[in-house]
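Asks: Next up is a structure, given as structure tokens.
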Amino acid sequence: MTGSTTLSSIRPFHDVGDVLGPTLKLFFRNFWLITKIVIVIVAPFEVFRILNFENLPDNWQLNVGVYLLDQVCKVLIAPALIYALMKVMQTGIAPGINESYRWGFSKLGKLIICAILSVLLQRLGFALCIIPGIVIYLSLIVAYPIAILENGSATGALETSRDLTKGHRWNILGASILLGLVMAVPVGVAEILVFATRDLWPLQVAAAILSDIFEQSLTVLSLVTYLSIRALWSQSTQ
């Protein structure tokens, strides 16, 4: 366990390094666990998407269906992944995939409402202007961990996320940008492989799944940011 990311090793949130370093450690040291959790959900979706890829440009109904399925996959993965990573940080032992999804499904009702409201607010913000959309994204970045790990309503999770992120949004933006730069290489390679292997759909599916796995680094950042801000609040009340 030396050097492992544990709950006690999450530092209070003062700057970008307090969340970026633990996020990268937690993601890469649990890469296989994250891979298994992601594959269970996204493999069937990616097979469907890749096999229908040629029809997507000319079929708006199919495009909408693929987008909605993609959003459903993200909502299904988030609670299971957050549960699994919390167990790893608490006990040092990774839970089984069945256990993670069984626990995650118990949180789906509130999370679905939270996800719908978050997407609508962010889309509205980006429609009005880019800046409001970014501010809303930063305000709601810890809404999923709150909805999954805390009691309360879906709207309460959004309000709590807004309150927790006040005064930290520049650092959250910096951490998000740096994480995006780190993950841009593997995600970019995966996306290139998707287009470069059009005649080999199994390789396309594998490359798309790899991209989905690295995109979960944002979920890890959300969890670490939430824990780091909570650690800061606990420190300030002592």
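The values are calculated or read from the model by the stated rules, or taken from the named source; none is laboratory data. In this text the structure is predicted, and so the values were computed from the model without any measurement. No Cβ is skipped: glycine too gets one built from the backbone with ideal geometry, and neighbour counts run over all protein chains shown. Note: areas computed on protein heavy atoms with side chains; ligands, DNA, RNA excluded. Shrake-Rupley method; radii C 1.70, N 1.55, O 1.52, S 1.80 Å.
Asks: Cβ-Cβ under 8 Å, sequence separation 6+ or interchain: first residue in the stretch 11-25 and open to solvent by less than 30 Å² (accessible area, probe 1.4 Å), partner not in a helix (DSSP H, G or I). Which pairs?
Replies: PHE13/HIS168; ASP18/ARG11; ASP18/PRO12; VAL19/PHE13; PRO22/THR5; PRO22/ILE10; PRO22/ARG11
Asks: Residues in the stretch 195-203: is at least one in a helix (DSSP H, G or I), touching a helix residue (DSSP H, G or I) at 6+ places or on another chain (Cβ under 8 Å) and without any contact (Cβ under 8 Å) to a residue 40 or more places away in the chain?
Replies: Yes - at least one qualifying residue is present in the stretch 195-203.
Asks: When you scan the stretch 20-135 for helices (runs of 4 or more DSSP H) that lie fully inside it, which ones turn up with 2 or more residues that are hydroxyl-bearing (Ser, Thr, Tyr)?
Replies: 60-91, 97-105
Asks: Okay, next question. Out of PRO186, PRO202, which single residue is closer than 19 Å to PRO44 by Cβ, surrounded by fewer than 16 Cβ atoms within 10 Å (Cβ to Cβ) and of a type outside the set (Phe, Trp, Tyr)?
Replies: Every option except PRO202 fails the conditions.
Asks: Restricting attention to the stretch 205-234, and to residues there that are of a type outside the set (A, V, I, L, M, F, W, C) and more than 23 Å from LEU158 (Cα to Cα), which single residue is modelled with the lowest pLDDT?
Replies: Here the residue is SER211.
Asks: Out of (1) open to solvent by 10 Å² or more (accessible area, probe 1.4 Å); (2) modelled with pLDDT of 90 or more; (3) not charged (D, E, K, R), what's the single condition that is false for ALA80?
Replies: (1)
Asks: Does ARG230 satisfy the criteria of being closer than 23 Å to LEU111 by Cβ, among the basic types (Lys, Arg), open to solvent by 40 Å² or more (accessible area, probe 1.4 Å) and within 18 Å of the chain's Cα centre (by Cα)?
Replies: no
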